[in-house]
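Written out below as structure tokens is the structure these notes cover.
The values are calculated or read from the model by the stated rules, or taken from the named source; none is laboratory data. As the structure is a prediction and not an experimental result, all values here were calculated from the model. As a convention, Cβ positions derive from the backbone with ideal geometry for all residues, glycine included, and neighbour counts pool all protein chains shown. The area values use the complete protein model at the heavy-atom level, side chains included, leaving out ligands, DNA and RNA. Shrake-Rupley method; radii C 1.70, N 1.55, O 1.52, S 1.80 Å.
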Amino acid sequence: MENIWRFPGNGYTQDQGLDTSDMETFKKDPIASLARELCQNSIDARKKNAKGPVKVEFKSFVIKREQIPQIENIEQQIIACKDTWASNKKIFEQLEKMYEQIQKETICCLRISDFNTKGLVGVSGGDDTPWHYMIHGSGLSNKSATSGGSKGIGKFATFVTSQFNTVFYSTITENKEKGYQGICKLCSAKQEGTTEKTIGIGYYGSSIKNEPILGEFNLDKEYKRSGKTGTDIFILGFKNPSGWKTDIISKILESFISAIVFEDLEVIVDGIVLNKENLKSIVYDESLINKSSRKTIISQYLLLTDEENRYEDIIDFNELGKARLYLMEFDHEHEHLATNGCVMIRYPLMKIRDIEKITSLACSAMCIVEDNKLNAILRNVENPQHTNWEFNRIEDDHQRAEVRGIYKRLLDEIRRLITEHLATSDNFQTDVEGAGNFIPGDETGLGKGESAQKRILDKPSITTKKVKSNEVALSAFVTDEAGEEVIETDIEVEEEYTREKTTSKTNGGTRNYSNNSDNSLHENSETKEVKFSELKGMTYRLICVNKKMRMYAVVFTSNVEERDVILELYALDDGGSRTQVLIFACTINGEIARVVNRRKIKFSIKEGQKLKIEMITDQTELFSSEVRLYAYR
């Protein structure tokens, strides 16, 4: 028995190509997949008695070609693959590139090491062990319901980042086991002296059974594990695209920032430390975060750390367990940070997906499913990349409907809570160019010497009002038939105004007001009739504040004083026909206003008063308008 590369025969069964399904799963975004899968595996392997977070290090280094164990055997196998598939242009070209890379005098590598973990138990033997599943398994996993991974193919994310699909694993376990092994994932090739082909996978091991080599392994001469438990992974011929550090940092923060904030995870990327203490400086460093990830990362950071300015709710599913919801709204100056969606995270604090288009208001939300039965249910319907929940994976119709219903209940509750909070938001300050003569107060919303393009140096100044309302609705969403997408729809709001009665003093006594169907009111001590009349003689101007958010402002100066008035807004088409505009939320001069049945705004006015009425409407396009103002007279 000797330590050599072995490429076993396939027993005249199936030929294996290079583009297998397990490899293709991670080829779309190799570096991001690597960061996500490796951190997830390390979190899953956390020691029970570990003090402090799981630590994962990504470190690049360069070695000489001859330092790789028996690299000439890998080279010869690539040549055999080329000879076997010379007539297949696609495979042959891929093998040619591998051959070019493996012949270089120096080879770039990447080491991924974890600490405070159990290591890959099973080096000493056994089929039902983490070591066996990692080295010899595909689609096999024995992880618990609280683990991040469950499909048993995440390890292939390492191979797609290797120039010649070669990786070494080395581990020290809690049981004091030490062992290592190499894997080279190529394609089936003809074997010398026989017509049998290989299975396409080679192992650097200690015996014909492809067993691990006992002891420690290290290719990075500047690194020492020093006997600490955990696992080292060495990716040979690391595909080193420009910006790989930024890609890894961005994906780690996007997927695991909650684990870092709660001190379950710490990551080092080529000397850059990502932990709770320095997370703030990393999040706001544009040189370290991809532009496409910046918004969601900053939003998640604020949701997790700014306890004073966030809403926090517990969603209780009784016997299934609980989920925690965080919500934050952004003012006009910082609305570019709003995702208008909800990040869905499940234990062990790993982001799975985003629920988009929560509302048209500038906000961000996060839902964390805790360590419970609900977490296990969702884990079982995840795709292999752990980026979505796919209910069609459940074969039983009854069970599929039940799980989809549970997920819909979760989404419905998230949307209900978000709607309740944002319905009473006082965060409607805007900067409307050219409206200074019509809008009372500071038109720009900025003090002297401040710029309208104010840069965020620390974190946004966020205003929240943690009050619930049952009078105003913003929007609601439902899932489609497959339970995957979200569609905006109207929701009905129970409104007590239709039965409301108010009183006011007149010369003849007390007058009872009620919202009768004939729009008429009567005094109880006189026969004088009071009608619901339109107020004339005022000029209204409609301004589009934010088309994307469907926010409009009506500005005017009152020429009368009335205790109770009703404003209605109508959209006019080219033919002059009018349709009433629905109003989901409203403020008047910055104060929350009452919206009746989503059609009428109720307030009071004083003579000479300038009013700015801001509304979230149902109008997705610019429109010609008609404003009508009524009072009881």
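GLY9 passes all but one of (1) of a type in the set (Gly, Ala, Ser); (2) within 30 Å of LYS190 (Cβ to Cβ); (3) surrounded by 15 or more Cβ atoms within 10 Å (Cβ to Cβ); which number fails?
Single failed check for GLY9: (3).
Could you tell me which residue of the range 577-594 is nearest to SER558 (Cα to Cα), considering only residues that are open to solvent by 10 Å² or more (accessible area, probe 1.4 Å) and of a type in the set (S, T, N, Q)?
By that ranking, first place goes to ASN589.
Hey, does the range 31-42 have a residue that's of a type in the set (Asp, Glu), in a helix (DSSP H, G or I) and in contact with a Gly (Cβ under 6 Å, 6 or more places away or on another chain)?
So far as the range 31-42 goes, yes, one or more of its residues are of a type in the set (Asp, Glu), in a helix (DSSP H, G or I) and in contact with a Gly (Cβ under 6 Å, 6 or more places away or on another chain).
Within the range 158-179, take every residue that is of a type in the set (A, V, I, L, M) and closer than 20 Å to PRO130 by Cα and give me the one that is surrounded by the most Cβ atoms within 10 Å (Cβ to Cβ).
Going through the range 158-179, the residues of a type in the set (A, V, I, L, M) turn out to be 160, 167, 172.
In the following step, the residues that additionally are closer than 20 Å to PRO130 by Cα were identified as 167, 172.
Numbers: VAL167: 21, ILE172: 24.
Per the stated criteria, the residue is ILE172.
Can you tell which of PHE262, PHE234, PHE217 is modelled with pLDDT of 95 or more and open to solvent by 30 Å² or more (accessible area, probe 1.4 Å)?
PHE262
Can we say LYS351 is in contact with a strand residue (DSSP E or B) (Cβ under 6 Å, 6 or more places away or on another chain) and basic (Lys, Arg)?
Working: in contact with a strand residue (DSSP E or B) (Cβ under 6 Å, 6 or more places away or on another chain): yes; basic (Lys, Arg): yes.
Considered against the rule, which asks whether it is in contact with a strand residue (DSSP E or B) (Cβ under 6 Å, 6 or more places away or on another chain) and basic (Lys, Arg), LYS351 comes out as yes.
Between residues in the range 270-286 that are closer than 14 Å to ILE297 by Cα and residues that are aromatic (Phe, Trp, Tyr) and crowded, with 16+ Cβ neighbours inside 10 Å, which pairs lie under 8 Å by C-beta distance while being six or more apart or on different chains?
LEU279/TYR301; LYS280/TYR301; VAL283/TYR301
Counting only residues that are of a type in the set (S, T, N, Q) and under 24 Å from GLY590 (Cβ atoms), which one in the range 619-633 is surrounded by the fewest Cβ atoms within 10 Å (Cβ to Cβ)?
SER625
Among all residue pairs at least 6 apart or on different chains, which show Cβ distances below 9 Å where the first residue, located in the range 393-420, is part of a loop (DSSP other than H, G, I, E, B) and the second is open to solvent by less than 30 Å² (accessible area, probe 1.4 Å)?
What qualifies is ILE394/VAL381; ILE394/VAL403.
What about ASN210, is it assigned to a loop (DSSP other than H, G, I, E, B), open to solvent by less than 40 Å² (accessible area, probe 1.4 Å) and either touching a Ser or Thr at 6+ places or on another chain (Cβ under 6 Å) or at pLDDT below 95 (or both)?
It is true that ASN210 is assigned to a loop (DSSP other than H, G, I, E, B), open to solvent by less than 40 Å² (accessible area, probe 1.4 Å) and either touching a Ser or Thr at 6+ places or on another chain (Cβ under 6 Å) or at pLDDT below 95 (or both).
For the range 49-68, state whether one or more residues are in a helix (DSSP H, G or I) and either of a type in the set (Asp, Glu) or in contact with a Phe, Trp or Tyr (Cβ under 9 Å, 6 or more places away or on another chain) (or both).
Yes, the range 49-68 contains at least one residue that is in a helix (DSSP H, G or I) and either of a type in the set (Asp, Glu) or in contact with a Phe, Trp or Tyr (Cβ under 9 Å, 6 or more places away or on another chain) (or both).
Output the residues belonging to the range 332-347 that are assigned to a loop (DSSP other than H, G, I, E, B) and touching a Phe, Trp or Tyr at 6+ places or on another chain (Cβ under 9 Å). Give the steps one after another, and end with the answer.
Our first condition is that a residue be assigned to a loop (DSSP other than H, G, I, E, B); within the range 332-347, this holds for 338-341, 347.
ALA338 - this is the single residue of the range 332-347 that is assigned to a loop (DSSP other than H, G, I, E, B) and touching a Phe, Trp or Tyr at 6+ places or on another chain (Cβ under 9 Å).
Do any residues in the range 112-134 that are within 13 Å of ASN210 (Cα to Cα) and touching a residue at least 40 places away in the same chain (Cβ under 8 Å) have Cβ atoms under 6 Å from those of residues that are crowded, with 19+ Cβ neighbours inside 10 Å and not aromatic (Phe, Trp, Tyr), where the two are at least six apart or on different chains, and which pairs are they?
Short answer, once both residue conditions are applied: VAL123/GLU177; VAL123/GLY179; VAL123/PRO212; SER124/GLU177; TRP131/LEU120; TRP131/GLY122; TRP131/VAL123.
Which numbered condition in (1) among the acidic types (Asp, Glu); (2) under 30 Å from ASN340 (Cα atoms); (3) exposed (fewer than 14 other Cβ atoms within 10 Å of the Cβ) is the only one that GLU561 fails?
If we test GLU561 against (1) among the acidic types (Asp, Glu); (2) under 30 Å from ASN340 (Cα atoms); (3) exposed (fewer than 14 other Cβ atoms within 10 Å of the Cβ), just (2) comes out false.
Please count how many residues of the range 275-294 are among the small types (Gly, Ala, Ser), open to solvent by 40 Å² or more (accessible area, probe 1.4 Å) and not in a loop (DSSP other than H, G, I, E, B). So that I can check it myself, show each step before the final result.
The first filter runs over the range 275-294 and keeps only residues among the small types (Gly, Ala, Ser), leaving 281, 287, 292-293.
Next cut, open to solvent by 40 Å² or more (accessible area, probe 1.4 Å) only: 281, 287, 292.
If we keep only those that are not in a loop (DSSP other than H, G, I, E, B) too, we end up with 281, 292.
Residues flagged as among the small types (Gly, Ala, Ser), open to solvent by 40 Å² or more (accessible area, probe 1.4 Å) and not in a loop (DSSP other than H, G, I, E, B) within the range 275-294 amount to 2.
Identify, from the list ILE272, ILE249, the residue that is of a type in the set (A, V, I, L, M) and open to solvent by 10 Å² or more (accessible area, probe 1.4 Å).
After applying the criteria, what remains is ILE272.
Got at least one residue in the range 351-361 being open to solvent by 40 Å² or more (accessible area, probe 1.4 Å), aliphatic (A, V, I, L, M) and over 29 Å from LEU265 (Cα atoms)?
no
Just the residues that are surrounded by fewer than 16 Cβ atoms within 10 Å (Cβ to Cβ) and closer than 24 Å to GLY182 by Cβ, please, taken from the range 47-72.
Within the range 47-72, VAL62, LYS64, ARG65, GLU66, GLN67, GLN70, GLU72 meet the criteria.
Scan the range 98-110 and give yes if some residue there is among the aromatic types (Phe, Trp, Tyr) and touching a helix residue (DSSP H, G or I) at 6+ places or on another chain (Cβ under 6 Å), otherwise no.
Yes, the range 98-110 contains at least one residue that is among the aromatic types (Phe, Trp, Tyr) and touching a helix residue (DSSP H, G or I) at 6+ places or on another chain (Cβ under 6 Å).
Keeping to the range 595-618, report how many residues are open to solvent by 40 Å² or more (accessible area, probe 1.4 Å) and at pLDDT below 90. Give the derivation first.
Residues of the range 595-618 open to solvent by 40 Å² or more (accessible area, probe 1.4 Å): 597, 599-600, 604, 606-610, 618.
Now narrow it down to the ones that are at pLDDT below 90: 597, 618.
Selection size over the range 595-618: 2.
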